[in-house]
Amino acid sequence: MKRVVVGLSGGVDSSVAAYLLQKQGYEVIGLFMKNWHDDSVTISNECPWLEDSNDALLVAEKLGIPFQTVDLSEQYQEKIVDYMFNEYEKGRTPNPDVLCNREIKFDVFMKIALSLGADYVATGHYCRKTEFEQDGQVIYQLKAGADNNKDQSYFLCQLSQGQLAKSLFPIGELTKPEVREIAAEMELVTAEKKDSQGLCFIGKVRLPEFLQQKLQPKEGLIVQVDKNDPIYQTELPADSTTEQELQYHAAKRNYNPQMGKVVGKHQGAHYFTNGQRKGLNVGGTTDPLFVIATDVDTNTIYTGLTSQHPGLFKKGLRIATEEIHWIREDLALKNGETMEVMARIRYRQPLQKATLHQLESGLYLLFDEPQSAITEGQFAAWYHDDELIGSGVIS
């Protein structure tokens, strides 16, 4: 009988995952991960992890499976939290959920599970895993969840073949309403529970407040750049090489405060991210202002009017060589090769047609259509049909 450790988070998805595995005849163990213990960064009086671990325990008792809590807060602090602050200080916008899966759930947590004699680790993610054999070797495929509305394959875009080999995604074939229905039939306490939002570790925190407790506020200027500024009129020379063309489309625009007019002040450029419109507190504009760039060196935020401002759009992005990750190692590009893919640059974005170009200087992703708010530090993920084949950090 195969043994599976399920990461019970106290939510409905992992609860139903545990139940389904049990029904399929696995020996199931429930494990709750405690990832956060720094009470100096308080969010509110409610302590979500206590409530969550209690819900996880009640589900385990209901199913009659062994349950324990593991405290991973030290690894968490080091691998996720510190990394996030460093990224924010550099003016990049990290994705904690992708990192949490790569570094914690499918690494530290998986090692604990395997040390308990588990054959697999299971989570409540909406995605599917398939496999096939090629030259005597098993190749694992990560595919989108059957519920188009809830597909979470993007969050697992950094997993490796070794991690996928040991993973199970029991609810990948179901839709969210079906999952809730099973939970209600089983009378699991989590059946009606709302989906958790935001960071995977700090419970119900909103990011900027959490950042403010660690990153010092400092006042800077908000500059508004006109959509007809010459910076948007640059043309690509006709005799450009492919590499020059890719660099042109992926290049970061260099703004300076003289390019626009000062429309307000902010409390720290590192609190803001491209495409953001809330929190600027600039009144009196005809249309909403959007962040088009932040400069943490000069502590300046550049903004533009409306979601169609040219400063928001780019056709390309670059991924540094050491940040390229192929889930399907057998499909990895060699220098000079290209591949047509469907790609996304954030969770829930509809897939976009694009072409990968592997060069000495890195991997370029060139979209057919300009994309809004391509953001440094976030992950780009690329697919063939519903299979996620690779990803990388936007540089």
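Numbers at a glance
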{"quantity": "Greater than 32 Å apart at Cα, pairs in Lys194/Lys252; Lys105/Lys252; Lys34/Lys90; Lys176/Lys227; Lys143/Lys194", "calculated": "Lys194/Lys252; Lys105/Lys252; Lys176/Lys227"}
{"quantity": "Whether the stretch 247-327 is rounded, prolate or oblate, judged on the alpha carbon gyration tensor where a/c under 1.5 counts as rounded", "calculated": "prolate"}
{"quantity": "Average accessible surface area per residue within the chain, 1.4 Å rolling probe, Å²", "calculated": "47"}
{"quantity": "Order of exposure, largest accessible area first, which applies to His249, His309 with probe 1.4 Å", "calculated": "His249, His309"}
{"quantity": "Net charge of neighbours whose Cβ lies under 11 Å from the Cβ of Glu27, counting Lys and Arg as +1 and Asp and Glu as -1", "calculated": "+1"}
{"quantity": "Accessible surface, 1.4 Å probe, highest first, among residues Asp385, Asp55", "calculated": "Asp385, Asp55"}
{"quantity": "Pairs of Cα atoms farther than 26 Å apart, the chain, %", "calculated": "58"}
{"quantity": "Rounded percent of accessible protein surface that carbon and sulfur make up, the stretch 211-325, 1.4 Å probe", "calculated": "46"}
{"quantity": "Label-point gap, in nm, between Arg277 and Leu351 - each point 7 angstrom along Cα→Cβ", "calculated": "2.9"}
{"quantity": "For the stretch 64-69, 3J(HN,Hα) per residue [Karplus equation, 6.51 cos²θ - 1.76 cosθ + 1.60, θ = phi - 60°, Hz, x = Gly/Pro]", "calculated": "x, 10, x, 9, 8, 9"}
{"quantity": "DSSP-defined antiparallel bridges as percent of all bridges, the stretch 215-346, nearest 5", "calculated": "75"}
{"quantity": "Label-reachable residues, the stretch 351-383, where backbone N falls under 13 Å from a point 7 Å from Thr241's Cα toward its Cβ", "calculated": "359-362"}
{"quantity": "Prolate/oblate/rounded label for the stretch 1-147 (Cα gyration tensor, a/c 1.5)", "calculated": "oblate"}
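The values are calculated or read from the model by the stated rules, or taken from the named source; none is laboratory data. On a predicted model such as this, the values are computed, not experimentally measured, just so you know. Neighbour counts are summed over all protein chains in view; Cβ atoms, including those assigned to glycine, are modelled from backbone coordinates with ideal geometry. Side chains are part of the model used for accessible areas, which takes the heavy atoms of the whole protein and leaves out ligands, DNA and RNA. Shrake-Rupley method; radii C 1.70, N 1.55, O 1.52, S 1.80 Å.
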